[in-house]
Amino acid sequence: MEEIIHARGHENVTAEHASTFEVTTDDFLTPAGDCILAIEADRAPADFDPEFVDACRNADATIAVTIEADGHEETVIGRGHPDLELDSNRSMVGRTSDYVDERTFVVDCEFAAEGFDRGLVSALAEGSAVTVTVRVN
């Protein structure tokens, strides 16, 4: 199962955060948002199919998040968690830890914002169109 989100980068994308990455529906990004990879997302977890949400709540689920922009692509693998709410209508946060709050959509990720390919990050900082594909197995 998969969910696809379209968004865009922003000049303030730095992708320097060590433990999270985020995609938001907000239409702005301040320099303090060092975990945010993309803004103006056309969908948020609250829009995800209920079956997809249920699959993400399985602790044994593998969740793959692929970020694509301007010919660059990076996939980060994490896992599901029984406490995932997936009802935020604003943002989705991936975490390297197993911490869960209302914005969390994947935990125990291999890496966070700082681990994304710098070519991809440059494309995001140039404001490129972004496709985020979230797959759960």
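The values are calculated or read from the model by the stated rules, or taken from the named source; none is laboratory data. Remember, it's a predicted structure, so these values are computed and weren't measured experimentally. When we count neighbours, we look across all protein chains shown, and the Cβ atoms used for this are built from the backbone with ideal geometry, even at glycine.
For this structure, a couple of remarks:
Quick grid of which residues meet (1) surrounded by fewer than 17 Cβ atoms within 10 Å (Cβ to Cβ); (2) more than 17 Å from Ile4 (Cβ to Cβ); (3) touching a residue at least 12 places away in the same chain (Cβ under 8 Å):
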site	(1), (2), (3)
Val23	no, no, yes
Asp42	yes, no, yes
Asp47	yes, no, yes
Asp60	yes, yes, yes
Glu73	yes, no, yes
Gly94	no, no, yes
Thr104	no, yes, yes
Ala129	yes, no, yes
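- Residue within the range 8-22 that is closer than 18 Å to Val93 by Cβ, of a type in the set (Asp, Glu) and not in a loop (DSSP other than H, G, I, E, B) present: yes
- Screening the candidates Ser122, Ser88 for the property of being crowded, with 16+ Cβ neighbours inside 10 Å, among the small types (Gly, Ala, Ser) and assigned to a loop (DSSP other than H, G, I, E, B) yields one hit, Ser88.
- Those residues of the range 15-54 which are more than 23 Å from Glu74 (Cβ to Cβ) and among the β-branched types (Val, Ile, Thr), in sequence order: Thr30, Val53
- Within the range 22-63, the set of residues being under 14 Å from the mean Cα position of the chain (by Cα), among the small types (Gly, Ala, Ser) and more than 20 Å from Glu85 (Cβ to Cβ) comprises Gly33, Ala38.
- Which numbered condition Ile67 fails, given (1) touching a residue at least 60 places away in the same chain (Cβ under 8 Å); (2) surrounded by fewer than 19 Cβ atoms within 10 Å (Cβ to Cβ): (2)
- With respect to the conditions (1) surrounded by fewer than 17 Cβ atoms within 10 Å (Cβ to Cβ); (2) out of contact with any Asp or Glu (no Cβ under 9 Å at 6 or more places or on another chain); (3) closer than 25 Å to Arg118 by Cα, Asp54 falls short on a single one, namely (3).
- Test: residue in the range 91-101 that is assigned to a loop (DSSP other than H, G, I, E, B), modelled with pLDDT of 95 or more, touching a strand residue (DSSP E or B) at 6+ places or on another chain (Cβ under 7 Å) and under 19 Å from Val132 (Cα atoms): no
Conditions (1) under 13 Å from Val23 (Cα atoms); (2) among the hydroxyl-bearing types (Ser, Thr, Tyr), marked per residue:
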{"site": "Val76", "(1), (2)": "no, no"}
{"site": "Asp87", "(1), (2)": "no, no"}
{"site": "Arg103", "(1), (2)": "yes, no"}
{"site": "Ala112", "(1), (2)": "yes, no"}
{"site": "Thr133", "(1), (2)": "yes, yes"}
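- Count of residues meeting criterion [touching a His at 6+ places or on another chain (Cβ under 6 Å) and within 20 Å of Val107 (Cβ to Cβ)] in the range 33-58: 2
- When residues of the range 1-13 are limited to those that are crowded, with 20+ Cβ neighbours inside 10 Å and either closer than 22 Å to Val107 by Cα or among the β-branched types (Val, Ile, Thr) (or both), the one farthest from the chain's Cα centre (by Cα): Val13
- If you go through the range 23-32 and keep only what is assigned to a loop (DSSP other than H, G, I, E, B) and out of contact with any Lys or Arg (no Cβ under 9 Å at 6 or more places or on another chain), you end up with Asp27, Phe28, Leu29, Thr30, Pro31, Ala32.
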